[in-house]
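Notes follow the structure.
The values are calculated or read from the model by the stated rules, or taken from the named source; none is laboratory data. No experiment lies behind these values; they were computed from the predicted model shown. As a convention, Cβ positions derive from the backbone with ideal geometry for all residues, glycine included, and neighbour counts pool all protein chains shown. Side chains are part of the model used for accessible areas, which takes the heavy atoms of the whole protein and leaves out ligands, DNA and RNA. Shrake-Rupley method; radii C 1.70, N 1.55, O 1.52, S 1.80 Å.
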Amino acid sequence: MVADQADTENTVQVEMFFDKESSTFSYVVADISTKRAVIIDPVLDYDAAAGTVATKQADTILAYVAKQQLSIDLILETHAHADHLSAAHYLKQKTGAPICIGEGIKQVQQTFKLVFNLGDDELLAKGDYFDKLFADNETFKVGSITAKVLNTPGHTNDSVSYLIAGHLFVGDSLFMPDSGTARCDFPGGDAHVLFKSIQRIYQLPDTTAIYMCHDYQPGGRELRYRTSVAEQKAENIHVRADTAEQEFVQKRETRDKTLSVPRLIYPAVQVNIRAGQLPKAEANGVSYIKVPLTIKA
Ligand SMILES: N[C@@H](CCC(=O)N[C@@H](CS)C(=O)NCC(=O)O)C(=O)O
Ligand SMILES: [Fe+2]
């Protein structure tokens, strides 16, 4: 089966995992015929006040994989997340699967290499720490299925969507229709660029299933993680099929001005630009998170 076709025969099995702390969805997507699978956007538990990390979320994924007798071939990140730590490195150690991300990660690493004042010994910003950097339109295998990477920047430079047998994992390029889209005010974010990425998604068949990376449950509604291209084009509160670029950009930028910095941005980015590895331990064997301080007038 090729990537752009809808999954009319249910060739894949998609299992969702929800992290309540960060409102993040992770997925295991398996080719039913071969039991080969990928893990998308896994979360590492992090208690900022206590300075502890744990693998409860990731272990839930591993338990599912074991129970279903799946083999994990790849660990896929839709982008370097700014709100939670990635469990990619932990899961690589457990499964042996390589960690993959869009090649835009090099720009994200370069930006935050400066923010965190990292030397070349800590980060080269050449995609280091990741095993595979995807180019736009690159294909990869999930068992017998040929899946495809679509570059969908705008929320971040490195944002990609993964198209697996008619199932599209968009990261934060789209939220559920009643929530619109993700913010574009992080370094490297750009609402014009996100608009173009969304147009690209809207060119896929209407039946394409779209899977969220977050749902913040507006108005306290029930959790939702799946929608379709048709539903987004008809109902997305920021971008419908006929929304003009300027109208979207204005809405997006107006909302971005009201949002506060994500609670975990510094720990998250520091770990996620290293594919989920903690910063190198100091002489005492302990790893530390840095926070750049700005004196406000
Ligand atoms: N309150 C959350 C916000 C996280 C956040 O900023 N999420 C991004 C995606 S990484 C976003 O686009 N949020 C849009 C919104 O909150 O409307 C936190 O502090 O972690
Ligand atoms: Fe994000």
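Looking at 92, 132, 67, which one is in contact with a Pro (Cβ under 6 Å, 6 or more places away or on another chain) and away from ligand 2 (no atom under 16 Å from the Cβ)? The match here is 132.
Yes/no matrix, rows are residues, columns are (1) under 14 Å from the mean Cα position of the chain (by Cα); (2) among the charged types (D, E, K, R):
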site	(1), (2)
77	yes, yes
99	yes, no
122	no, yes
130	no, no
135	no, no
148	no, yes
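Is it true that some residue in region 69-89 is without any contact (Cβ under 8 Å) to a residue 24 or more places away in the chain, more than 23 Å from residue 190 (Cβ to Cβ), open to solvent by 30 Å² or more (accessible area, probe 1.4 Å) and outside any loop (DSSP other than H, G, I, E, B)? Checked against the condition, which is being without any contact (Cβ under 8 Å) to a residue 24 or more places away in the chain, more than 23 Å from residue 190 (Cβ to Cβ), open to solvent by 30 Å² or more (accessible area, probe 1.4 Å) and outside any loop (DSSP other than H, G, I, E, B), region 69-89 yields no hits at all. Please enumerate the residues belonging to region 27-43 that are out of contact with any Asp or Glu (no Cβ under 7 Å at 6 or more places or on another chain) and open to solvent by 10 Å² or more (accessible area, probe 1.4 Å). Those that are out of contact with any Asp or Glu (no Cβ under 7 Å at 6 or more places or on another chain) and open to solvent by 10 Å² or more (accessible area, probe 1.4 Å): 32, 33, 34, 35. Restricted to helices (runs of 4 or more DSSP H) entirely inside region 181-274, those with at least 2 residues that are aliphatic (A, V, I, L, M), more than 16 Å from ligand 2 (Cβ to nearest atom) and open to solvent by 10 Å² or more (accessible area, probe 1.4 Å) are 229-235.
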